[in-house]
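In what follows, a single structure is set out as structure tokens and then discussed.
The values are calculated or read from the model by the stated rules, or taken from the named source; none is laboratory data. Owing to the predicted nature of the structure, the values given are computational and were not obtained by experimental measurement. A quick note on method: Cβ atoms are made from the backbone with ideal geometry, for glycine too, and the neighbour counts reach across all protein chains shown.
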Amino acid sequence: MIKALKVVMIVWGALVVLSGLALIVIPDQMREYAILGEHAGHVKWIMGLLGAVWIAAGVWVIAASRDPIRHIYWVKFVITMSVIAVVAGVYSIIQGYVEFSQVMVSTLFDAVFAVAFLVFYPWRAIRGEE
């Protein structure tokens with residue numbers, strides 16, 4: 001189970017780093033990909049900040065994947081971040097801010113990884129340390 005958790009952490013981290021880089025380097029293409037329409041120029045700055053956060057999170061989750069038990073708070077962070085992102089995506093759809101087609105990929109990404117992290121979470125190993 002720990003080996004599978006390590007793999008999931010590395011895959012998640014790599015995908016998030018790539019997404020973060022894309023938000024910084026090609027914000028217009030990312031906007032078009034998400035079918036978000038036109039936006040004010042300062043939104044690119046916000047996208048860049050979000051990209052920076054994603055890069056930092058991805059890098060540290062990859063680093064933590066070397067020893068997930070020792071760095072269990074990074075696993076908890078990713079679970080929490082993924083669940084909150086799904087809730088935020090669903091809330092945004094319900095409020096009419098976006099349509100499902102606009103946030104489908106990111107919401108499903110977060111849902112799939114939340115489930116994967118929960119499935120491979122080292123429940124027994126953590127309970128044994130308490």
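Worth a mention:
- Hits in the range 62-74 (condition: surrounded by 13 or more Cβ atoms within 10 Å (Cβ to Cβ) and either among the acidic types (Asp, Glu) or under 22 Å from Arg124 (Cβ atoms) (or both)): Ala64, Ser65, Pro68, Ile69, His71, Ile72, Trp74
- Boolean, Trp74 is among the hydrophobic types (A, V, I, L, M, F, W, C) and touching a Phe, Trp or Tyr at 6+ places or on another chain (Cβ under 8 Å): yes
- Unique match (being modelled with pLDDT under 95 and at positive phi) among Gly37, Gly41, Gly51: Gly37
Okay, residues lined up against (1) outside any helix (DSSP H, G or I); (2) touching a residue at least 24 places away in the same chain (Cβ under 8 Å):
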{"site": "Ala4", "(1), (2)": "no, yes"}
{"site": "Val11", "(1), (2)": "no, no"}
{"site": "Val53", "(1), (2)": "no, yes"}
{"site": "Arg66", "(1), (2)": "yes, yes"}
{"site": "Val78", "(1), (2)": "no, yes"}
{"site": "Ile93", "(1), (2)": "no, no"}
{"site": "Gln102", "(1), (2)": "no, yes"}
{"site": "Leu118", "(1), (2)": "no, yes"}
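- Hey, Val105 exposed (fewer than 15 other Cβ atoms within 10 Å of the Cβ), under 20 Å from Val17 (Cα atoms), within 14 Å of the chain's Cα centre (by Cα) and at pLDDT below 95 or not: yes
- The range 1-25, subset farther than 13 Å from Asp67 by Cα and exposed (fewer than 14 other Cβ atoms within 10 Å of the Cβ), residue modelled with the lowest pLDDT: Val25
- You will find that of Phe113, Phe117, Phe77, the residue that is among the aromatic types (Phe, Trp, Tyr), buried (at least 19 other Cβ atoms within 10 Å of the Cβ) and farther than 24 Å from Met30 by Cα is Phe117 and no other.
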